[in-house]
Amino acid sequence: MHQNEHFKGVTSKKAIRDESYIERVLWMKLPLFLKRKSWMLLATSSATTPLLVVDVASRRRRRNNTKAMTTSSSSSFQMGRDTLRVDFELHRENRLRLAQAMEEKINAEKKKTKKERNLVLVESGKQTQRYGTDNEPLFRQESYFHWMFGCRESDCFGALDVEKKKAILFVPRLPDEYVVWMGKPLSNEELASKYKIEEVRYADELEAYLEEEGVTALVHVLSGTNTDSGLPTLKANVPSSSKVEIDESILFEEITLLRTLKTKREQEVLEYASKISSQAHVAAIKSLQPGTMEYQLEAAFLHHIYNQGGMRFSSYPSICASGNNAAVLHYGHSGAPNDKECKSGELVLMDMGGEYHCMCADITTTVPVSGKFTSDQKIFYDGVLQAHKDVLANIKPGAVWTDLHLLAERSILSMLQKLNVLNESSSMEEMLENRVCAVFMPHGLGHLLGIDTHDVGGYGLRNSRDRILKPGLKSCRTAKALEENNVMTVEPGCYFVDALIDDVNMSENVKKCINFDTIDKKFRGFGGVRIEDNLVVTKTGCKSWTNVPRETEDIERVMSGELVWP
């Protein structure tokens, strides 16, 4: 039975609304002989007529479980007793940070306006349906709205009075029948208490609110572009009849800058997401053997993050790429759905992350299908691992991201020379200048991490640096100087991508550095290696939240069962 079916044949609307009496209501075409003592018929007819039935026996269970059920309306998010409890103070703190930043920016700019006050207005994500059907995909909140409110409900608006530091959440007014199909919604008072918001109103009251407040307040809305996707942010849809003055010039930059600097509460959630995702990677690694299908590795990961971590969402579609598939940077999409068999002698690259309370992890491991690295695989892997170690050792506030990318390239280029993929006669500086490594590591070193996997703030802000438009470097998702409390991924990689190796437009300066015979004889179809950690920038360096086996010896021992990890 689908949640969007119409209500038919109900004999008592009061009975439907009386949520203290009804545990659950089912529409079914039941033959009468399926009745049991625990069911009371509210409406009966022939065996082909819909029946409205109530589970009377469950009423006693419900009364006994009332205390347990109230946890969902407490001022925190938690999926279960063994999962992380996230206090909604996290989002109240963010609103206060935003109000302060907005005040400082407005006062500094001394914007010419007759308005005495300032309001921030943001809109939540909307519940969608699958194309022309009534199938509703599981809702996930819009990221800026989540940052401010932590609200799990769709189709809302949120307002923040900058001067008064007061927030108002506007939620949909739900029909009486909602309780039957979706459960009893929280009252506005309960929502205010749960989300630690000063006031909750209905969304159909927004227009009147803006008409009243707009007399003295300037309304600030989001207007900007995500520099990873190139898409615009969700701008609050102000009712057309509202005669309010709108400003689009301040909010986007101020809130985006704040999102790049994680609070301690945000870091706690991100660390938890990385912890559970690390465990899930180890579970997938231990399940691997020749004959395992790529999707089975994905399934092992998804089972663990949900079963052990309460993570209903993954951060992105899982990449479980064996053999040559590992040279496809974003393998695992619907057209290449992790459907290859993993074969002995191959490497498997697994790029997977779980999401908890809209906070993302993004971890990559690369391991041998057979449980043992070949000599060439070990040299190749260790070269990428050295790049990874070098970067982690040099991360600190002030370090420039593109400089760290070039540092990683040095280790990778040295490894490729050791394998005779690159000619030993080519100097390091010559290869860096000619961007040789971009043939083998076409992506950037990593990215900001947070509510989005590729989190906002890479470019386009007042503290940003311009994108460097050179091969490899142009793929860096930021060129910024790192700051304390930035959360980043570090993910150097090296791959044999046929389209890049065989590029007819490759410059002669690059070609002369590459030993194509070695590639053709030994590395066509090899795939690649990527090693990715999640970390926070500290006062003096960084702290990695990723805990998976990295050394080749540790990987082999975990796969053989000799080593218990962690």
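The values are calculated or read from the model by the stated rules, or taken from the named source; none is laboratory data. Treat the numbers as computed from the prediction; the structure is a model and nothing was measured. Cβ sites come from the backbone with ideal geometry, for glycine too, and all protein chains shown count toward neighbours. Surface areas here come from the heavy atoms of the whole protein model, side chains and all, with no ligands, DNA or RNA. Shrake-Rupley method; radii C 1.70, N 1.55, O 1.52, S 1.80 Å.
Odds and ends about this structure:
Residue-by-condition table, conditions (1) in contact with a strand residue (DSSP E or B) (Cβ under 6 Å, 6 or more places away or on another chain); (2) closer than 23 Å to LEU329 by Cβ; (3) not assigned by the TED database to the domain that holds MET352:
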site	(1), (2), (3)
LEU461	no, no, no
LYS480	no, yes, no
GLY527	yes, yes, no
TRP565	no, no, yes
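- Filter pass, LYS262 being buried (at least 16 other Cβ atoms within 10 Å of the Cβ), at pLDDT 95 or above and part of a loop (DSSP other than H, G, I, E, B): yes
- Beta carbons closer than 7 Å, at least 6 apart along the sequence or on distinct chains, pair a first residue in the range 379-394 that is under 18 Å from ILE555 (Cα atoms) and of a type in the set (Asp, Glu) with a second that is at pLDDT 95 or above and surrounded by 17 or more Cβ atoms within 10 Å (Cβ to Cβ) for ASP382/THR552.
- The range 353-378 - residue that is in a strand (DSSP E or B) and either under 11 Å from the mean Cα position of the chain (by Cα) or of a type in the set (Asp, Glu) (or both) and, of those, surrounded by the most Cβ atoms within 10 Å (Cβ to Cβ): GLY354
- Long-range neighbours under 7 Å by Cβ, at least six apart or interchain, first residue under 17 Å from SER370 (Cβ atoms) and assigned to a strand (DSSP E or B) within the range 316-327, second of a type in the set (S, T, N, Q) and open to solvent by less than 10 Å² (accessible area, probe 1.4 Å): CYS320/ASN338
- Test: residue in the range 418-427 that is surrounded by fewer than 20 Cβ atoms within 10 Å (Cβ to Cβ), at pLDDT 95 or above and not in a loop (DSSP other than H, G, I, E, B): yes
- Filter result for the condition that a residue is over 30 Å from GLN377 (Cβ atoms), of a type in the set (Lys, Arg) and more than 21 Å from the chain's Cα centre (by Cα), over LYS511, LYS474, LYS522, LYS539: LYS539
- Selection status of GLU199, in contact with a Cys (Cβ under 8 Å, 6 or more places away or on another chain), assigned by the TED database to the domain that holds ALA236 and of a type in the set (D, E, K, R): no
- Matching residues, the range 192-217, being free of Cβ contacts under 8 Å to residues at least 40 places away in the same chain and within 15 Å of MET148 (Cα to Cα): ALA192, GLU198, GLU199, VAL200
- All conditions in (1) under 26 Å from the mean Cα position of the chain (by Cα); (2) closer than 24 Å to GLY525 by Cβ; (3) surrounded by 23 or more Cβ atoms within 10 Å (Cβ to Cβ) hold for SER315, with the sole exception of (2).
- Output for the range 195-214, where each listed residue is in a helix (DSSP H, G or I), in contact with a strand residue (DSSP E or B) (Cβ under 8 Å, 6 or more places away or on another chain) and not aromatic (Phe, Trp, Tyr): ALA203, GLU205, LEU206, LEU210, GLU213
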